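The values are calculated or read from the model by the stated rules, or taken from the named source; none is laboratory data. Source: prediction; values computed, not measured. Every residue, glycine as well, gets a Cβ built from its backbone with ideal geometry; the counts of neighbours run over all protein chains shown. Surface areas here come from the heavy atoms of the whole protein model, side chains and all, with no ligands, DNA or RNA. Shrake-Rupley method; radii C 1.70, N 1.55, O 1.52, S 1.80 Å.
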Amino acid sequence: MFFDYVKEERTMENIPKTVAIIMDGNGRWAKSRGLPRTAGHKKGADRVRDIALEAQRRGVEKLILYAFSTENWKRPEDEVSYLCKLPGMFFSRFIQELMDNDIRVTFAGEIERFPQNTRDVIEKAVRQTSHNKGMELCLAIDYGSRREMLLGMQKYADEVAEGERKNDLSEEEFSSYLFVPEDIDLLIRTSGEVRISNFLLWQIAYAEMIFTPIAWPDFDEAALDECLKEFAHRSRRFGGLVDEN
Ligand code: FPP
């Protein structure tokens, strides 16, 4: 009993610093309700607000959400066009709440490939929240992990060729060439699919992973709390041994 108490005390503090989420299942959620796929994305954007606020409340330092992959450009034009409008719709509704909660917005990916108005709203949200000191909410948009690594290594190769640095890259320095330099503590994918889909391949080397059947539009605060609870009970050894005392 006493030991259970001690364990609970310890695990309550064991909050992942960096959480990444593959927000999957918007389309299926909508289809199962006889709605257009875009209705799933709209509800999904509302969930971004709920989950960001809950993650901030729980003490997560950085939340990275996979909002648009490099492969998503292959979707039908009307869906791509809707996805490009989502950041604008999202920030016009929720920017004040993000400010009130001291949340800092950033993005990871090749934002320059988006239409000008999409870029404008994202860059405005980044500027507006840049002095906030709470959680970082990072939207991965036009993001692909392989491309992220290629772009980083092209930059590195240029620096070496120009004599700006030696060819002596460490793992830490490799990370610094990426859009997301941090290691991920917890990766969650919603909607039952069990794959990584080119998301943060380098950064998840030692991440704990949770694949939940819940579709993203239904993934609420309680669902996130369940994942945090599960994380707290995992024993992370990073390839070594753990002290069981
Ligand atoms: C995957 O579900 C989801 C996406 C491709 C889009 C995710 C975007 C959001 C949740 C909103 C983003 C919000 C902001 C603020 C930018 P899917 O369409 O592949 O679902 P399916 O597998 O059921 O078809």
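Things worth noting here:
- For the range 100-110, the criterion of being touching a residue at least 12 places away in the same chain (Cβ under 8 Å), in a helix (DSSP H, G or I) and either more than 10 Å from the ligand (Cβ to nearest atom) or not aromatic (Phe, Trp, Tyr) (or both) is met by none of the residues.
- Lone qualifier among Phe211, Phe179, Phe114 - being of a type in the set (Phe, Trp, Tyr), over 22 Å from Cys227 (Cβ atoms) and open to solvent by 20 Å² or more (accessible area, probe 1.4 Å): Phe179
- On the stretch given as the range 189-203, residues that are under 11 Å from the mean Cα position of the chain (by Cα) and either within 13 Å of the ligand (Cβ to nearest atom) or open to solvent by 60 Å² or more (accessible area, probe 1.4 Å) (or both) total 2.
- Filtered by the rule that a residue be within 11 Å of the ligand (Cβ to nearest atom), open to solvent by 20 Å² or more (accessible area, probe 1.4 Å), assigned to a helix (DSSP H, G or I) and of a type in the set (D, E, K, R), the range 75-99 gives Lys85, Arg93.
- Of Gly144, Gly59, all but one fail to be at pLDDT 95 or above and either in contact with a strand residue (DSSP E or B) (Cβ under 7 Å, 6 or more places away or on another chain) or surrounded by 15 or more Cβ atoms within 10 Å (Cβ to Cβ) (or both); the exception is Gly144.
- Matching option when the condition is within 26 Å of Pro181 (Cα to Cα) and in contact with a Pro (Cβ under 7 Å, 6 or more places away or on another chain), among Val48, Val121, Val105, Val126: Val121
- Scanning the range 117-131 for residues that are crowded, with 17+ Cβ neighbours inside 10 Å and either over 16 Å from the mean Cα position of the chain (by Cα) or on the phi > 0 side of the Ramachandran plot (or both) turns up Thr118, Arg119, Val121, Ala125, Thr129.
- For first residues located in the range 195-220 and closer than 17 Å to Ile64 by Cβ and assigned to a loop (DSSP other than H, G, I, E, B), partners that are modelled with pLDDT of 95 or more and of a type in the set (Phe, Trp, Tyr) and lie 6+ apart or on another chain with Cβ distances below 6 Å form the pairs Phe199/Tyr66.
- Selection from the range 228-241 of residues that are open to solvent by 10 Å² or more (accessible area, probe 1.4 Å) and either acidic (Asp, Glu) or in contact with a strand residue (DSSP E or B) (Cβ under 9 Å, 6 or more places away or on another chain) (or both): Glu230, Arg234, Arg236
Listed here are the residues, each with its yes/no results for (1) open to solvent by less than 10 Å² (accessible area, probe 1.4 Å); (2) over 14 Å from Leu98 (Cβ atoms).
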site: Ile21; (1), (2): yes, yes
site: Arg33; (1), (2): no, yes
site: Thr38; (1), (2): no, yes
site: Arg49; (1), (2): no, no
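- Picking from residues in the range 31-74 that are over 21 Å from the mean Cα position of the chain (by Cα) and within 8 Å of the ligand (Cβ to nearest atom), the one that is farthest from Gln203 (Cα to Cα) is Lys31.
- Some residue of the range 168-177 being within 16 Å of the ligand (Cβ to nearest atom), at pLDDT 95 or above and under 24 Å from Ile21 (Cβ atoms): no
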